[in-house]
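Here's the structure we're looking at; comments come further down.
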Amino acid sequence: MSRKRPIASAKRTRTARTFDEVPKKSKVVLLSCGSFNPVTNMHLRMFELARDHLEDTGRYEVVKGILSPVGDGYMKIGLIEASHRVEMAKLAVESSSWIEVDSWESRQADWQETVKVLRHQQQELLSQEPDTDVVGTAKPGRKRKRMDASSATKRRKLEEPDIAPKKTGEPRVMLLCGADVLESFGVPGLWKPQHIEEIASTFGLVCITRGGSDAEAFIQGSDLLLPHRSNIHVVQEWVANDVSATRIRHGLRCGHSVRYLLPDPVLGYIQERQLYNAESEQRNEGVVLAPLQKCARTQE
Amino acid sequence: MSRKRPIASAKRTRTARTFDEVPKKSKVVLLSCGSFNPVTNMHLRMFELARDHLEDTGRYEVVKGILSPVGDGYKKIGLIEASHRVEMAKLAVESSSWIEVDSWESRQADWQETVKVLRHQQQELLSQEPDTDVVGTAKPGRKRKRMDASSATKRRKLEEPDIAPKKTGNNWSFPLHSPFAFLLHYAAPLDGVEIIGISAASSGEPRVMLLCGADVLESFGVPGLWKPQHIEEIASTFGLVCITRGGSDAEAFIQGSDLLLPHRSNIHVVQEWVANDVSATRIRHGLRCGHSVRYLLPDPVLGYIQERQLYNAESEQRNEGVVLAPLQKCARTQE
């Protein structure tokens, strides 16, 4: 069957020799799991940085970004209701043509291990009709926003996916995270070794970091990660952007402005409902974090 | 005449004892001078941080913020046309109820020393009608946006300014509408006395304060960049709000400065509590490389840049080899 060829961007034509020699690229969906309590400009920047990094290699095409807010079952201190966090995340990406929110994880009664969310997302991608262009393109009905154009790259229609797994046709889901998440792999009881293995081998990671060297050192020192080094992309932030949700909540409690640290619609949502205060910050106080509970149970 | 009393915010009622004992606050307008090439979220954050800091002291009410883009005469390398920079700044603050753009500086043919921009802004404030509430309140016709409410502080009408002239050291200062106003146009010093002509010393009228980063403060030490008498005037007559990451470098600089130290109480060092290193230089670099700069600056500004393809390798070379205006000016006065 005939396939639509990708339109090479201005930046990349220098490596393409002839029309038929344009190398096939792996399609990627970036999945970011987190509390998003609330979502901030930093979370959004991570997607942008990851996409640029992967596409600059010439080997990938990032077709979609997904924010997956964690469920209330995570039991993290100060974690407000998932419904609010999902709604704020949706407001944050409303004007984005490629990033969206998936609420599946947030709707599960029990906390879901990250690898299960990755598997679920991959399954969702594979189960979509091969001849539609919904997967990986702009959200249906959404006029593509110029500001999401990366290096004047035109968004391409998905080539018709092969039905065989691991072919270049279907997108692969990769975990987008910060260096702190990568390094949390070393925290006893937080991650199952077989899950770390699966994340690194089957899916892959894109890890956004400030210094770069700590993440690199961590990978080098990890028996689980090192064999899959080529599947782990360490991306350096070129603009320091330390906008943590924790500090934003603190600022809100103190009556300080957090404007310009997170999207205006998200801030408006928070203020209308007075979402964050001393009381909300005490939620789940004294409760053991779900992953650690789970680990304790499996040891029994 | 009866005066409207400020409504104490929820956070501040704990210090107010009775309704009549609410202390009078100095009204402040924050002025930020810069290239804004382009304006970024960091520039906007500085206003928010400064306002919170000043109002947290309980002594100030910040009534307005002003972005004043520098004119093309500044001759900084990579500086694109002022018209674009002003337009982008306006797009950036369109949804703000208290921050606005003043293009006066950008429209001057020659580069204007910062102290002149401060004086101009102060003059503008004083020349406005005392019984209107345009000065220092939300932009006319603009519905106040909830997200700009600072700790639920309500905006107040200006009290009528005093007309008495004030003497500070060797400097005389007068409100614009005083009988001494003609002295404002006096350029040459008289017997060692410099006429400044602008004063907001009384609590009624807003005073303009310079909002800047620690880098600007420390640039006071660069030979030839600032006139000592201007540093003096900025620190004494106007005051500074200086946003800094560490805080200690700014403090050390002030302590080591003969010009600044006497006016320590007029210099407010504000610590950023969220690291936000979004420099316009890096944004321009990212744009040249074809990298995303989304979420580092307001979406309308990014859209404006992309529609016109404003920043590229060529724009970054503008003014290459040209001496920066303040240094040119200094060289000329030495002759």
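The values are calculated or read from the model by the stated rules, or taken from the named source; none is laboratory data. These numbers were taken from a predicted model, which means no experiment stands behind them. Cβ coordinates were reconstructed from backbone atoms using ideal geometry, including for glycine residues, and neighbour counts include every protein chain displayed. Only protein heavy atoms, including side chains, enter the accessible area calculation; ligands, DNA and RNA are left aside. Shrake-Rupley method; radii C 1.70, N 1.55, O 1.52, S 1.80 Å.
Please work out if residue A:297 is surrounded by fewer than 19 Cβ atoms within 10 Å (Cβ to Cβ) and part of a loop (DSSP other than H, G, I, E, B). So residue A:297 does not fit the description; no. Considering only residues in the range B:266-283 that are surrounded by 20 or more Cβ atoms within 10 Å (Cβ to Cβ) and at pLDDT 90 or above, the one that is farthest from the other protein chains (Cβ to nearest Cβ) turns out to be B:267. Applying the condition of being in a loop (DSSP other than H, G, I, E, B) and free of Cβ contacts under 8 Å to residues at least 12 places away in the same chain to the range B:250-265 and asking which residue is most open to solvent (accessible area, probe 1.4 Å) yields B:258. Considering (1) open to solvent by less than 10 Å² (accessible area, probe 1.4 Å); (2) free of Cβ contacts under 8 Å to residues at least 12 places away in the same chain; (3) more than 14 Å from every other protein chain (Cβ to nearest Cβ), the lone condition that residue B:286 does not fulfil carries the number (3). Within the range B:303-335, track down each residue that is outside any helix (DSSP H, G or I) and surrounded by 11 or more Cβ atoms within 10 Å (Cβ to Cβ). Across the range B:303-335, the qualifying residues are B:310, B:311, B:312, B:318, B:319, B:322, B:323, B:324. Taking into account only those residues within the range A:196-221 that are assigned to a loop (DSSP other than H, G, I, E, B) and touching a strand residue (DSSP E or B) at 6+ places or on another chain (Cβ under 9 Å), which is surrounded by the most Cβ atoms within 10 Å (Cβ to Cβ)? Across the range A:196-221, the extreme among qualifying residues is A:204. Considering the range A:222-249, the residues that are over 18 Å from the mean Cα position of the chain (by Cα) and within 8 Å of another protein chain (Cβ to nearest Cβ) include one that is most open to solvent (accessible area, probe 1.4 Å), namely A:247. Residues that are under 14 Å from the mean Cα position of the chain (by Cα) and within 14 Å of chain B (Cβ to nearest Cβ) within the range A:97-110 comprise A:98, A:99, listed in sequence order.
Taken together, A:235, A:288, A:266 contain a single residue that is in contact with a His (Cβ under 6 Å, 6 or more places away or on another chain) and among the β-branched types (Val, Ile, Thr), which is A:235. Among the residues of the range A:9-39, those that are within 14 Å of chain B (Cβ to nearest Cβ), more than 22 Å from residue A:233 (Cβ to Cβ) and at pLDDT below 95 comprise A:10, A:13, A:14.
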